Amino acid sequence: MSALISRFRALTLISSLSVSLAVSLCLSLSGCGGAGSIGHAELGRVPAPVATSEFLSLVKDANCAEFKNRLLVIDQQYVLWDKSGNCADASYAQNLYGTSPSTLLCSHADSIAGPRTTCNDAGAESLFKTMILNLDKADLGLGSSHQVQSIAIPGANNNSINFTVLPVSFYHGSAPDFSLIKDKQAWDAFWNVSGSKPASNIVAPDFNAEMILAKFYKTVNDCSIIRFLKVSSDGQKLHASFIDEERVSVTRCDLENTGISTPMQMIEMAKVDLTIELHHVNSALISHRSVASGVNSGIRTARGVVIRDQANWQQLWQEHQSGDGSGSSSSLPVVDFSKKMLIAVFLGTQASGCSGIQDLHIWRDAGKIVTTHYDVVAGPTRICTANITTPFYIAEVNLSSENVEFISVQALIP
């Protein structure tokens, strides 16, 4: 019995030594999932740099960063601040730091004299240049031998990005889900694959500053439609919200093509090197009743208005009716403000007879009501009369206390 007890104690001692050795080895290599681990098995869970709070303070509420504002950690040695926005001569900037904002190593930025690149650290220069050329890639072009992770920026705003609808409604052939076009080569390839050329009223954008997003209908047919309602950026990704509508007709809608046609919408917007997510928001649409619409309003300043009571409605209607140039006056439309409210869009004075509100959609997004209206603008080959107009649209919806956001979209007409 004593021999068995001695043998048991020996085995226990060996087991304890083995565990202690394993723990010591694990800690020394920092490869067992504890603090400081940078093993490939821990990708996406590597702790942020020591100076994370300092970097967050640096980028919070930064200027010229409404399109893109992100912090990327590379190999736990470097931090890349990548931002862009709607600022003249300062539309983008990329700064590479060590582990704190006080150690700026390299920078690349827009300026009045064009792009400027400087590096104070020769050892980081090659790495930095690779990143700059691959900002739209998850690994920044560095490959699997490097780790790249994002630092979430708390309270980041979701900023709306202006876009213009181009006058093209069909893709000739069977199309993919969507296309994001960022350079002239991809632009030419898009039209070559479709077997057609862009119409004379579609001008290739300046791909140094702009890009194209095209969304296609889910099936090949003639008359269905796609409509983008909003494009926004949270600094980390682009978000494009769209609706579609199936329309069936016994006659063709694409009169320029005798073959297969896929309905599409093509929009032009600022070039932003972020991944893009498309959101189908048909279920978020809010039904509305048109109370009044036209091109002659007495309100000559562009504005969006929300009316929730009778007194403000009477005041707005009086302003709308005065001096509208139509020579007529109509009675105040009846609205039950205990159940309904009004959302009105006025484009103000327009010098073109082609101007007007082509589409208006009301929908919910992130806890608020959004009113997206397409404002017709003449394309480069369109000839319009010089009539002065004041387009407007007044819609009735169910009463709500939610905030209302107005999005104006330029829609070029052929």
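Here, each number is a calculation from the coordinates, and none is a lab measurement. Just so you know, these numbers come straight off a predicted model, no measurement behind them. FYI the Cβ positions are ideal-geometry reconstructions off the backbone, even for glycines, and counts take in every protein chain you see.
Each label point is 7 Å from the Cα along the Cα-to-Cβ direction; what then is the distance between the points at residue 384 and residue 60, in nm?
4.5
Determine which aspartates and glutamates satisfy two conditions relative to residue 218: a Cα distance under 19 Å, and not lying fewer than 8 residues away in the same chain.
177, 244, 245, 246, 254, 277
What number, in percent, do you get for the relative contact order of the range 289-413 if the mean sequence gap of Cα pairs under 8 Å and at least 6 apart is divided by its residue count?
About 35 percent, as a whole number.
Taking amide H positions as placed 1.01 Å from N in the peptide plane, with prolines and chain starts having none, which residues 5 or more places from residue 291, or on another chain, fall under 5 Å of its amide H?
394, 395, 396
If r is the Cβ-Cβ distance from residue 402 to residue 129 and R0 is 45 Å, what FRET efficiency results, to the nearest 0.05?
After rounding to 0.05, the efficiency reads 0.45.
List the aspartates and glutamates whose Cα sits under 12 Å from the Cα of residue 339, skipping any in the same chain fewer than 8 residues away.
309, 396
Arrange the peptides 223-236, 365-378 so that the one whose residues have, on average, the most other Cβ atoms within 10 Å appears first.
Result, highest mean first: 223-236, 365-378.
Starting from 0 in steps of 5 Å, tell me what percent of the Cα-Cα pairs of the range 289-413 lands in each bin.
2, 11, 21, 22, 19, 13, 7, 3, 1, 0
Ordered by packing density, taken as the mean number of other Cβ atoms within 10 Å over each peptide's residues, highest first, how do 261-269, 182-190 rank?
Ranked from most to least packed, the peptides come out as 261-269, 182-190.
Apply the Karplus curve 6.51 cos²θ - 1.76 cosθ + 1.60, θ = phi - 60°, to the phi angles in the range 315-322 and return the couplings in whole Hz, x for Gly and Pro.
5, 5, 5, 5, 5, 5, 6, 6
Could you list the square roots of 5 times each eigenvalue of the Cα gyration tensor of the range 45-151, that is, the equivalent ellipsoid semi-axes, sorted largest first and rounded to whole Å?
Each semi-axis is the square root of five times an eigenvalue, giving 21, 16, 13 Å.
Taking the Cα centre of the range 289-413 as origin, sum charge times position over the Cβ atoms of Lys and Arg (+1) and Asp and Glu (-1), and report the length of that vector in debye to the nearest 20. Intermediate values should be presented prior to the final figure.
Details: 9 positive and 10 negative charges, 9 e Å.
Once rounded to the nearest 20, the dipole reads 40 debye.
Which order, highest average first, do 295-302, 173-180, 64-71 follow once you tally other Cβ atoms within 10 Å for each residue and take the mean per peptide?
Values: 295-302: 17.6, 173-180: 15.0, 64-71: 23.2.
Most protected by this proxy first, the peptides run 64-71, 295-302, 173-180.
Residue by residue through the range 92-106, which ³J(HN,Hα) values in whole Hz follow from phi under the Karplus form 6.51 cos²θ - 1.76 cosθ + 1.60 (θ = phi - 60°), with glycine and proline marked x?
After applying 6.51 cos²θ - 1.76 cosθ + 1.60, I find 8, 6, 10, 10, 10, 10, x, 8, 8, x, 6, 10, 6, 9, 9 Hz.
Treating cross-link reach as a plain straight distance, find the aspartates and glutamates whose alpha-carbon is under 17 Å from the alpha-carbon of residue 129, omitting any fewer than eight places away in the same chain.
Answer for residue 129, where 17 Å is the Cα cut-off: 75, 82, 110, 121, 139, 273, listed by chain and number.
For the range 45-151, what is the relative contact order in percent, using Cα pairs closer than 8 Å and at least 6 residues apart in sequence?
22
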